[in-house]
Structures are given as structure tokens and as C-alpha cells.
Amino acid sequence: MSTDQVLWCLAVFAVAACVQSIGGFGFALFAVPLMALVIDLPDAVIAGSIASLANVVVLSLRSLADVEWSVARRFNIPAFFGMPLGLWVLVHADEEMLKVGLGVVIVVLIVVLMRTRAKSQPRPIVEVIAGLCSGVLATSTSTNGPPLVFAAQLRGMRPDQFRATLSFTFALQGAISLAAFVIAGEASREAVLVALLGLPLVAVGQWLGELIRPRVQGKRFERLVYALLGLSAVSVSWSGLFG
């Protein structure tokens, strides 16, 4: 990789870490498409996965006291059963059509969420299904966030609980997914090096996000979540159509 390519990736890491620190998710949605503009997509996915994992591990450790553990269990235990199914889908399904379909589903979820948000209440079965779907998506499309975000918002979680619970879940699922990438031999030296060089920028992005976070509460936080969900729909559909 050239110096310009590396510098671009490092700047992207800082922005992505800031976004996730504020909203609780969104690192990969920003990092992977932007990095893929200047480096190969597989390298962008691996570098983004490593940097994202480092980011959410730190965020999770800082916010363990705010994790809603009952929700975290319903997210993560079903996800372990969904991951093998995701690998099967990856091998046998048309990945491009799968991503386009996921983009359409996310748009539908946004509409449903906006219509039902005022009647938010705990729905454990929805959280179990969301966890299962996140496991399938983690190993088939590397886009496991939307169903978890939908279930967490439907519950009406406070922003601090929302961020903490998702950070813990992303850290756990991200570690398993990254291990699968490494075992499969997909992690190139260049991608790993870029990710390691980017860790200080991830820390800077987290710091900036923490400064901004107190100003993003209530309705502002809800609008940010909807915006990130919309971005995820565009990102995953674009990946399916043109990736």
C-alpha cells in the first residue's frame, strides 16, 4: 500500500470510531466502504474487522456496568447457533442478492421501528430472533448490527444501556468472526499492519466521540440511530450490487 492509502485508512478509522462511540454502532458501515475506495475490499474488511474489534473491546470494558445482561444473553446465545447457518449461507447462497435483500429488510425495519417506537416495551422473543439473525449475518455478510439495533430500540433502552449492550455483543461476536477470518487464511499482512497502525487513531476517535456524546441524547440520539440504520441499508445494498 502507498503512504496516501495508509493515511486515508487511518483517517477513516478515527471517523468510524467517533461515530460508534456516539451512536453505539456504525464502525464498519463507515470504515469498510470508505477504505474500499483506495484498497482491495478483502483488505478493507479484514483491517476494518481488526480495528472495529479493538474499538468495541475498549468501549465494552468502559461501559460494562451499563450492559443489560438479560438482553445481552438473548442476543449472544442464539447468535452462536446462527453463525454455522451463516457459513452455510455464505457457501450456498448468492451473496450479492442476499445483501440487496438485507438492505430492503433494513428499510422495512426502520419503518416498523418509527411506527412502534412510541409503544416501546420489552419483547424477549424479538431479541432472541434478532440474536439468531445477527449470528447468521455475522458469518455470511459481516453485517450483524441492524437486527440488534432494531431489537434494542424496540425495547426502549436508554442510550447508555443501548451503547454498552451493543458494544459487548459486537466485541463477543467480532472476536469469533475475526478468528474465522484468520483460520481461513484471509488476513493479509498489509491489512493487519494497517489495522495496527490505525489503533492510535481509533483511540483519538473514541475520545472525540466521548466529548460529543453528552450532546446526543433523547430525540437527537433516536435520529442518529435512524440515520445509521439508513446508512447500513445503503451500504450493504451497494456492496451487493457493485461490490
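The values are calculated or read from the model by the stated rules, or taken from the named source; none is laboratory data. Here the structure is a predicted model, which is why all the values come from computation and not from measurement. Ideal geometry is used to build each Cβ from the backbone, glycine not excepted, and the neighbour counts take in all protein chains shown. To get the accessible areas, we keep the full protein, side chains included, count just its heavy atoms, and leave off ligands, DNA and RNA. Shrake-Rupley method; radii C 1.70, N 1.55, O 1.52, S 1.80 Å.
Odds and ends about this structure:
- Residue among Val104, Val100, Val126 that alone is modelled with pLDDT of 80 or more, in a helix (DSSP H, G or I), β-branched (Val, Ile, Thr) and open to solvent by less than 60 Å² (accessible area, probe 1.4 Å): Val126
- Entry remark, the stretch 137-175: residues being crowded, with 22+ Cβ neighbours inside 10 Å, over 17 Å from Val108 (Cβ atoms), of a type in the set (A, V, I, L, M) and over 11 Å from the mean Cα position of the chain (by Cα) number 2 in total.
- Between Val216, Val236, the distinction of being open to solvent by less than 70 Å² (accessible area, probe 1.4 Å) and closer than 14 Å to Ile22 by Cα belongs to Val216 only.
- Residue within the stretch 85-93 that is within 26 Å of Glu190 (Cα to Cα), open to solvent by 60 Å² or more (accessible area, probe 1.4 Å), part of a helix (DSSP H, G or I) and in contact with a helix residue (DSSP H, G or I) (Cβ under 6 Å, 6 or more places away or on another chain) present: yes
- Hits in the stretch 181-207 - residues which are closer than 14 Å to Met35 by Cβ and open to solvent by 60 Å² or more (accessible area, probe 1.4 Å): Glu190, Leu193, Leu197
- Those residues of the stretch 191-243 which are of a type in the set (Ser, Thr, Tyr) and farther than 24 Å from Leu10 by Cα, in sequence order: Tyr226, Ser237
- Among (1) part of a helix (DSSP H, G or I); (2) farther than 23 Å from Arg215 by Cβ - the single one Val38 does not satisfy: (1)
- Subset of the stretch 24-54 that is more than 19 Å from Val234 (Cα to Cα) and of a type in the set (A, V, I, L, M) - its residue that is most open to solvent (accessible area, probe 1.4 Å): Val38
- Residues in the stretch 208-231 that are on the phi < 0 side of the Ramachandran plot and without any contact (Cβ under 8 Å) to a residue 24 or more places away in the chain were compared, and the one that is nearest to the chain's Cα centre (by Cα) is Ala227.
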